[in-house]
Amino acid sequence: MKIALAQPNVTVGDIEGNVKKILQFFSQAAKLDADVVVFPELCISGYPPEDLLLKSHFIEDNHLALEQLAKDCADKDIIVCVGFAEKNPKGFFNSLAVLQAGHLRKIYRKIILPNYGVFDEKRYFRTGNEPVIINIKGVNVILTICEDVWQPHWLSVLLKDSPRVDLIINASASPFHIGKIQQRHRILGSLAKYFDCTIAYCNLVGGQDELVFDGRSMFLDHKGDVVSQAKAFAEDLITADIEKSTGGKADGKIRMEIVNSKRHASAAAPDDIEDIYHALVLGTRDYALKNCFSKAIVALSGGVDSAVTAAIAVDALGSENVVGLTMPSQFNSPQTIKDAAVVAENLDMEFRTIPITPVLEGFSRTLAGVEGWVDKGIPYENLQARVRGTILMSLSNQFSYLVLTTGNKSEIAVGYSTLYGDTAGGFAAIKDVPKTVVYKLADFINKIHQRQIIPKSVCERPPSAELRHNQKDSDSLPEYDLLDKILKGYIEDDKSSKELVEQGLPQDVVERVIRMVDFNEYKRRQYPPGIKITPRAFGRDRRMPITNLYKR
């Protein structure tokens, strides 16, 4: 039996376009003589469809598309497993359809609905309660969807009265974060060994708002080893021939052996920084193009954050589709102004300069009509950022540019940003990237380009917002190495201040950072969406109340 795993880059709500892609992959699988082709979870609707599911006409269109897909695949005797949103008299279900010969043969309804982190499935779906086993050429195939195999204890209970398990198919929409692929290998490997069976895992690929799906569909043998794995962060289709074999086992049990596959898994562990970079590029590209932006604009300050953001944008959209803009004031050093131009030149992107001093002085003169206004201090510093934000958004309106903000997770966490200033924009590519990781990304960018795209001076200069003379980030914040350790503990690991201090972190700094994080929730609520790359990102992943007096 030959199984194909297809990972198309679909778009939420583009039912017609998604089905068109599904048919393209179906044709590929047919040319490879596949007996079965598996598509990801909710592939027809896109994942996650969120409140589109509350629109009755959306569900109806989803069903009509499934019916048409069955007809379009009817001329080949191939079994198609495809995810769709189902409505029946019992409610809404996250379902996997089995199509063959123009007919809907079976429907499996997802049983374990995730309701944590970025997942809200219990808001929309009811839980299924029955296993679905299909026999293909004498092979007992168990159908599952995503979270079903992340909590395998229930599966053994569900299948206790069922025939033997030869092969588990899992249709998934599992978003990326650092370390996720290792988690999948571990979970799926344990499942394969527990049931002593082969696993065919099919995952979605592509960017959807804050989420990036990394693909990497895979086949695992009964020993839990990854035999074949699809590309990361790219559309792909892989196949494997699976045959019955006793494998020389003394117990005589029939097992499925993967005897041939079109792509072998690399033995090397994935590099986190490489994965992060590819996730950021894919997420930026899909957010721009799926939202009908062909060009982006980045404010180049001469600092590392904007340089990394520009490099991501160029790799995502092409250098001809990215504009760099520097907006110097009297507080910007000649070196940072020069570095901004060098980065733009190295990335071969359009570059413009708009000095803000005349605009800043005009604003300040106007504000001087209000008693108490002075042209120094934090309000004056923030005014500079707001002038820049206004310029960027005006150019966005005029030329239909997507404004990419350049703030990193460390700054956003503690509110080291100006509301309606450097927070103004349409998409925040590095929103979930800690500052210490930004530097690693800069090194990686230079490595993949095999030259200094981001100058050494950008990475070695002490970080500064340059909103006053001789300003450094360290004037307002702890050093980033320490700050990022505290932020990881507090935000990602949910540790209390006491627990962080017990780890050896300085109490005064811990308490100060936690105050800053808690106080600035209102800013984060108004920040543009950005790509999730850590286990717990701001936005839909971490939902804290703005009005909150709990302190610990």
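If the cut-off is 25 Å between C-alpha atoms, which lysines fall inside it for K440, apart from same-chain ones fewer than 8 positions away? Of all the lysines, those that pass the test against K440 - Cα under 25 Å, at least 8 places apart if same chain - are K180, K231, K338, K409, K431, K456, K472, K485, K488, K532. Once the Cα-Cα distance is subtracted from the 0.36 nm per residue extended length, the E345 to S190 segment shows a gain of 50.8 nm. For the chain, the normalised intensity computed at q = 0.05 Å⁻¹ comes to -0.24 (log10 of I(q)/I(0), Debye sum over alpha carbons, equal scatterers, no solvent). Between the alpha-carbon centres of the stretch 461-482 and the stretch 427-460 there is a gap of 18 Å. Working ranking of peptides 478-484, 309-315 by packing, defined as the average number of other Cβ atoms within 10 Å per residue, highest first, is 309-315, 478-484. Test of understanding: what is the full-extension gain from R365 to Q450, defined as 0.36 nm times their sequence separation minus their Cα-Cα distance? Fully extending the segment from R365 to Q450 adds 25.8 nm.
With axes computed from alpha carbons, what is the tilt in degrees of helix 272-290 against the longest principal axis of the chain, rounded to the nearest 10 within 0 to 90? Roughly 90 degrees, rounded to the nearest 10. Computed from Cα positions, the angle between helix 378-399 and the longest principal axis of the chain comes to roughly 60 degrees. Loop-located GluC sites (Glu not before Pro) in the stretch 312-401 (DSSP state other than H, G, I, E, B) with a sparse environment of at most 16 neighbouring Cβ atoms within 10 Å: E371. Sequence-distant contacts, meaning Cα pairs under 8 Å at least 6 residues apart, place the relative contact order of the chain at 11 percent.
Take the Cα radius of gyration of the stretch 2-270 and divide it by 2.2 N^0.38 Å, N being the number of residues; the result is 0.93. The dipole here belongs to the stretch 273-477: it is taken about the Cα centre, uses +1 on the Cβ of Lys and Arg and -1 on the Cβ of Asp and Glu, and is about 60 debye.
Subtracting the Cα-Cα distance of R123 and D241 from 0.36 nm times their residue separation leaves 38.6 nm of extension gain. Most tightly packed first, judged by the mean number of other beta-carbon atoms within 10 Å of their residues, the peptides 323-329, 402-408 read 402-408, 323-329. Backbone geometry of the stretch 477-490 corresponds, through the Karplus equation with coefficients 6.51, -1.76 and 1.60 at θ = phi - 60°, to 3J(HN,Hα) couplings of 10, x, 4, 4, 4, 6, 4, 5, 5, 5, 5, 4, x, 7 Hz, x marking Gly and Pro. Dipole magnitude for the chain: about 720 debye, using +1 per Lys or Arg Cβ and -1 per Asp or Glu Cβ, origin at the Cα centre. Legend: P(r) of the stretch 5-67 from all alpha carbon pair distances, 10 Å bins from 0, whole percents, reading 23, 50, 22, 5.
Computed 3J(HN,Hα) for the stretch 540-552, one whole-Hz value per residue from the Karplus formula 6.51 cos²θ - 1.76 cosθ + 1.60 where θ = phi - 60°, is 6, 7, 10, 10, 9, x, 6, 7, 7, 9, 7, 10, 7, glycine and proline marked x.
Computed from label points 7 Å out along Cα-Cβ, the spacing between E460 and E50 is 4.5 nm. Applying both filters, DSSP loop and at most 16 other Cβ atoms within 10 Å, to the trypsin sites (Lys or Arg not before Pro) of the stretch 150-222 gives K160, R164. Using R0 = 22 Å, the C-beta based FRET efficiency linking Q24 and K231 works out to 0.85.
With the biggest extent put first, the Cα atoms of the stretch 273-477 measure 53, 36, 30 Å across the principal axes. Please say if the stretch 467-534 is rounded, prolate or oblate, where rounded means a/c under 1.5 for a ≥ b ≥ c the square roots of the C-alpha gyration tensor eigenvalues, and otherwise the choice is prolate for a/b larger than b/c and oblate otherwise? Note, shape of the stretch 467-534 comes out oblate. Loop-located trypsin sites (Lys or Arg not before Pro) across the stretch 363-460 with a Cβ neighbour count of 10 or fewer within 10 Å are K376, R451, with loop assigned by DSSP.
Hey, what angle do you get for helix 334-346 against the long axis of the chain, alpha-carbon based, 0 to 90 degrees rounded to 10? On a 0 to 90 degree scale, this one is about 30. Rounded to the nearest whole Hz, the Karplus-based 3J(HN,Hα) values (6.51 cos²θ - 1.76 cosθ + 1.60, θ = phi - 60°) of the stretch 112-122 follow the sequence 9, 9, x, 9, 8, x, 8, 9, 9, 5, 6, with x at glycine and proline.
The calculated FRET efficiency for Q526 paired with D14, based on their beta-carbon distance and R0 = 45 Å, is about 0.95.
The Cα center of the stretch 353-377 and the Cα center of the stretch 132-176 differ in position by 65 Å. Dividing the helix sum by the residues of the chain, where each DSSP H run of 4 or more adds -39500 (n - 2.57), gives a mean residue ellipticity at 222 nm of -11000 deg cm²/dmol. What the Cβ-Cβ distance of S156 and R512 gives, at R0 = 60 Å and to the nearest 0.05, is a FRET efficiency of 0.75. For the stretch 170-208, list residues with backbone N below 13 Å from a point placed 7 Å from the Cα of K223 toward its Cβ? Answer for this model: 193.
Each value in this text was obtained by applying a stated rule to the coordinates, not by laboratory testing. In this text the structure is predicted, and so the values were computed from the model without any measurement. Here Cβ is always computed from backbone atoms with ideal geometry, including for glycine, and neighbour counts include all displayed protein chains.
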